Amino acid sequence: MVFVKKGFGTLIDQLGILKYLDMKKREIDKEGNTEIKYSRGERFRSALEELGPTFIKLGQIISTRPDLLPQDIICELEKLHDAVPPFSFEEVKSRIENELGEKLENIFISFDEKPLAAASIGQVHLAKLKEEQSVVVKVQRPGIERKIEQDIRILKDLAWFIDHHTKYGKLYDFTKMIKEFEYTLKNELDFKVEGENAEIFKKNFLTDKQIVIPSIYWSYSTRGILTMEYIDGISLNDMETLKKEKIDFELIARKIAKSILEQILEDGFFHADPHPGNVMILPNNRIVFLDFGMIGKLKEQRKVQFLKILLGIAFRNSKLIVKAIISLDAMTKRSDIKKLEKEIDKLIDHHIDLSLKDIKLGEIFSEIFNLAFKYSIKIPSEFTMLVKTLATTEGIIERLAPELSIIEIAKPIAKKLMFKIFSAEKITKDIIEGALDYSELIKDFPSVMNNFLKKMEDEEFTFSFEIKNIDKILKHFDKISNKISFSIALLALSLIIAGLIIGFGIAANSATELYMFNLSVLKYGLIIAVLMALWLIFSIFKTGRF
């Protein structure tokens with residue numbers, strides 16, 4: 001077992017899986033000793049790489065969840081790469097001809113047999129179409145879909161086991177996580193989805209001549225083949241060539257950061273993996289984004305929530321951050337709001353003395369999300385992907401222009417969007433939308449009321465309601481009524497005794513026979529009154545509601 005070999009036998013034991021394996025604990029400990037010289041993060045990353053493409057992709061996605069794993073493991077998972085040996089040109093040729101229904105030489109004037117790059121899901125080749133356009137052709141790796149399906153089944157079984165047999169299942173819905181992962185991975189396997197994503201980006205940047213998105217050639221693209229425009233730029237990984245070409249690093253860093261922030265805050269459709277290998281530079285400091293297999297989406301409400309958190313960080317306003325988190329509908333205990341606000345105050349105080357260039361948005365967001373576990377806050381999955389994107393973007397800025405601050409770039413964009421949110425046009429639009437909703441409600445009200453009245457005429461119609469914590473309320477009333485009854489009984493007993501004593505005093509000068517009679521009445525009256533009082537006290541205390 002790979003994780004055992006990498007020294008995670010103790011973890012397997014803690015998860016309660018050990019008893020289901022045909023291995024003893026001492027055997028597991030012995031196996032793990034061989035790699036114990038490496039850190040746990042390195043061993044975890046190595047295990048995922050050994051298990052193959054599905055687990056590598058899983059590791060890349062988990063690296064966006066600092067609430068699930070310690071920071072040292074997250075840092076190692078961020079280094080995961082899915083570079084693998086390329087598959088043969090014969091397999092490439094066969095796949096293209098089967099998918100496109102034409103001989104390779106009938107489609108392309110030239111086709112480079114050596115791939116530009118190879119990854120776990122596919123590899124990319126340089127080619128030229130009959131129409132003389134230079135293109136890159138992305139071809140899906142043979143058998144990858146079947147392999148991933150098998151791995152997903154294993155992960156689903158493991159997630160079900162953890163959810164139903166371990167304490168961790170009560171804190172996290174692992175089955176749901178794997179379903180989301182399956183959806184993401186299936187989108188990556190469908191190259192048409194990547195092509196559609198590229199088209200959306202191209203449309204969003206239509207008026208921005210500084211951002212270039214390659215065109216898609218749909219006539220030569222299928223689920224397993226993606227043919228796109230070849231753009232001859234300098235990779236952001238190639239720092240030496242960028243220096244030789246005298247590229248303005250600070251300008252490039254500003255443009256990349258501004259673009260990513262606008263994608264998030266304005267479009268709500270952003271490149272979720274903008275690492276240096278997916279960014280190229282053209283003459284005149286133009287920027288090319290590549291690889292649109294992993295993208296993030298934010299609805300309008302989520303954009304506003306993110307904007308509030310961003311402004312809260314920028315202006316050191318913890319209340320604004322807490323309000324944004326509450327609006328996520330993620331808090332299970334409202335009573336913890338004040339405590340959470342104090343924790344965020346501490347977090348902001350920790351960063352308040354730092355200069356803008358030293359404040360890392362991705363790091364602060366990660367720290368905020370680390371409070372999630374403590375306060376039972378569930379952060380939406382799109383936010384975790386967003387934080388990963390910010391962290392990657394900050395890595396690029398630090399590499400190109402260490403003195404530059406992403407917050408400095410974000411502030412004017414955020415302010416402009418806040419004015420837009422509270423503009424007269426936006427408020428008018430919201431009022432109109434609200435009025436339309438209310439008009440629908442008014443229009444439907446007569447028919448709903450008519451149906452309700454008809455049901456009331458039905459002999460079998462019953463109307464029921466439930467008061468929350470009714471048992472507690474009734475018990476409280478019982479205690480009050482018992483105390484009142486006890487007080488009344490004592491008062492009555494006191495009156496009877498007082499009456500008898502007064503009567504006995506008046507009859508003290510009477511004849512002996514009458515005096516003895518009054519004495520007997522007093523004695524028996526007291527006995528009866530005391531017995532009644534004792535019975536009442538016993539009855540009240542027996543109910544336990546006093």
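Once you order the gyration tensor axes a ≥ b ≥ c over the Cα atoms, which shape class does the stretch 192-337 get: rounded for a/c under 1.5, otherwise prolate or oblate by comparing a/b with b/c? Working shown, then result.
Details: a/c = 2.87, a/b = 1.60, b/c = 1.80.
Note, shape of the stretch 192-337 comes out oblate.
For G122, list long-range residues whose amide hydrogen, built 1.01 Å from N in the peptide plane, is under 5 Å from its own amide hydrogen.
R141
Which of rounded, prolate or oblate describes the stretch 240-422 when judged by the alpha-carbon gyration tensor and an a/c cut-off of 1.5?
It comes out prolate by the Cα gyration axes.
Let's test this: bin the Cα-Cα distances of the stretch 83-232 at 10 Å from zero up to the farthest pair and state each bin's percent.
Each 10 Å bin holds this share of Cα pairs: 10, 32, 28, 18, 10, 2, 0.
Highest mean first, how do 286-298, 123-135, 397-409 rank when packing is the count of other Cβ atoms within 10 Å averaged over residues? List each step's numbers first, then the result.
Working: 286-298: 20.5, 123-135: 15.9, 397-409: 17.7.
Averaged packing, sorted descending, gives the order 286-298, 397-409, 123-135.
Which pairs break 24 Å Cα to Cα here: K255/K415; K176/K338; K203/K323; K203/K246?
Numbers: K255/K415 18 Å; K176/K338 30 Å; K203/K323 34 Å; K203/K246 30 Å.
Violating the 24 Å Cα-Cα cut-off are K176/K338; K203/K323; K203/K246.
Listing R153, R45 from the residue with the fewest other Cβ atoms within 10 Å to the one with the most, what is the order? Kindly include the intermediate steps, with their values, before the conclusion.
On the way: R153 11, R45 24.
Ascending Cβ contact count within 10 Å gives the list R153, R45.
Sorting check: for 381-392, 242-253, 49-60, which peptide has the highest mean count of neighbouring beta carbons within 10 Å, and how do the rest follow?
On the way: 381-392: 21.7, 242-253: 14.8, 49-60: 19.8.
Packing order, densest peptide first, comes out as 381-392, 49-60, 242-253.
Please go through the residue pairs K79/K308; K57/K128; K79/K339; K308/K339; K186/K308; K243/K299 and name each one whose alpha carbons sit more than 28 Å apart in this structure. Provide the component values of the computation, followed by the final result.
Numbers: K79/K308 31 Å; K57/K128 31 Å; K79/K339 35 Å; K308/K339 20 Å; K186/K308 33 Å; K243/K299 39 Å.
Pairs exceeding the cut-off: K79/K308; K57/K128; K79/K339; K186/K308; K243/K299.
Read the figures in this text as sums done on the coordinates, not as results from a lab. Bear in mind the structure is a predicted one, so any value in this text is a computation, not a measurement. Cβ atoms come from the backbone with ideal geometry, glycine included; neighbour counts cover every protein chain shown.
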